[in-house]
1. Based on Cβ point charges of +1 for Lys and Arg and -1 for Asp and Glu, what charge dipole magnitude is obtained for chain B about its Cα centre, in debye rounded to the nearest 20?
2. Taking the beta-carbon count within 10 Å as an exposure proxy, list A:Arg97, A:Arg24 from fewest neighbours to most.
3. Bin width 5 Å, origin at 0, all Cα-Cα pairs of chain A: what percent of pairs per bin?
4. Given 0.36 nm per residue, what is the gain on full extension from A:Ser115 to A:Leu74 after removing their alpha carbon distance, in nm?
5. Counting alpha carbon pairs within less than 8 Å and at least 6 residues apart, what relative contact order, in whole percent, applies to chain B?
6. Hey, what do the phi angles of the range B:7-22 turn into as Karplus ³J(HN,Hα) couplings, whole Hz, using 6.51/-1.76/1.60 and θ = phi - 60°, x for Gly and Pro?
7. Between A:Ser43 and A:Asp65, what length comes free when the chain is fully extended (0.36 nm per residue of separation minus the Cα-Cα distance, one decimal in nm)?
8. Which residues among the range B:49-85 fall inside the zone where the amide N is under 14 Å from a point 7 Å beyond the Cα of B:Thr21, along Cα→Cβ?
Amino acid sequence: GAVVSQHPSRVICKSGTSVKIECRSLDFQATTMFWYRQFPKKSLMLMATSNEGSKATYEQGVEKDKFLINHASLTLSTLTVTSAHPEDSSFYICSARDGTGAIEKLFFGSGTQLSVL
Amino acid sequence: LAKTTQPICRDSYEGQEVNITCSHNNIATNDYITWYQQFPSQGPRFIIQGYKTKVTNEVASLFIPADRKSSTLSLPRVSLSDTAVYYCLVGDEGFKTIFGAGTRLFVKA
């Protein structure tokens, strides 16, 4: 199946720094990617929908200036957590929609564990 | 977006067949039903997708009744490595991926 690569898998940073997470679709073009965050033993919470060449659409309650999303190409979307604070510590996951088959499917990255000290 | 309801958890033993049912009463005509599996600290992995009746692949089967208001994921002869959270999603080509709580399957030896 299609592969979505997410990097880094784990990052530890000091409070106040910015962290960038990359999400790449390796063998298909993804016009739409999604970003989620997940707390321990909780479900995935959709943060935003990333559309290639246009602004991301954020879910209610998600600060767009805090979580900057850039989808500059059909294979790459980035999420930047700006001025990170301990409450931003979470598991972040991206997904990309592969519409090349008969039925669209979502493929997920392996996730990024962010720990803010 | 069709809301989904699943049991919070299921326990099973190795070698048993496990069925997890998902309710989606307000499923739309264009909606597909997709199931994902998630292990701790990993992204969800696609298991199976269907629209109606029965779909089977090398991993699981998906049963969808005629009214499509529910679906059942069937895992044949589970092993310890099938311990994971299973999510049922319903949507069409333009759907946002809104995850429900999922079902935590715990397989015991």
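1. 160 debye
2. Placing the least packed residue first, the sequence is A:Arg24, A:Arg97.
3. Final binned percentages: 2, 13, 23, 25, 20, 11, 5, 1, 0, 0.
4. 11.9 nm
5. It rounds to 38 percent for chain B.
6. Those phi angles translate into x, 5, 8, 9, 10, 8, 10, 3, x, 7, 8, 10, 10, 10, 9, 10 Hz.
7. Contour length minus the Cα-Cα distance gives 5.5 nm.
8. Inside the label zone: B:63-74.
Where a number appears in this text, it was derived from the coordinates with a stated rule and is not lab data. This is a predicted model, so every value here is computed, not measured. For neighbour counting, all protein chains shown are included, and Cβ atoms are generated from backbone atoms with ideal geometry for every residue, glycine included.
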